[in-house]
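No value in this document is a laboratory result; all are computed from the given coordinates. Everything quoted here is computed from the prediction, not taken from an experiment. Don't worry about glycine lacking a Cβ; one is built from the backbone with ideal geometry, like all the others, and counts go over all protein chains shown.
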Amino acid sequence: MKKAIGGLIFDTDSATVLARSGDGNVLYQTPNGRYFECTHSTLLAPEITILTEDEAMFTYNRFSEKLVDFKLAFPDIEFREA
């Protein structure tokens, strides 16, 4: 699926799949590091939603199937001891 939003192309074929939910929704990262979610509904056509990095992290943690390690999916995040 390919969608133009705000002058940018979000393409599921060229993006990396980061995580999947149990109901078929997928979190992607574009080659340029932007995040988006493709949601699937049985009644509607798939929909692409652009996500901020914080929204993408929340979505990643919420989804059951992780295909990429968190640190690789979010390389700009610095981790510290709690």
To check my understanding: the extent here is largest minus smallest coordinate of the Cα atoms along each principal axis. What are those three numbers for the chain, in Å, largest first? 44, 30, 18
Tally Lys/Arg at +1 and Asp/Glu at -1 over every other residue whose Cβ is under 12 Å from the Cβ of S64; what's the total? +1
Measure off 7 Å from each Cα along the Cα-to-Cβ vector at I77 and K2, then give the distance between these two points in nanometres to one decimal. 3.1
Give me, ordered by chain and number, the residues 5 or more places off L67 or on other chains with an amide H under 5 Å from its own placed amide H. A19, R20
For the residue pair I9 and L43, what label-to-label distance in nm results when each label sits 7 Å from Cα along the Cα-to-beta-carbon direction? 3.3
Charge tally in the Cβ shell below 11 Å around I9, where Lys, Arg are +1 and Asp, Glu are -1, I9 excluded: +1
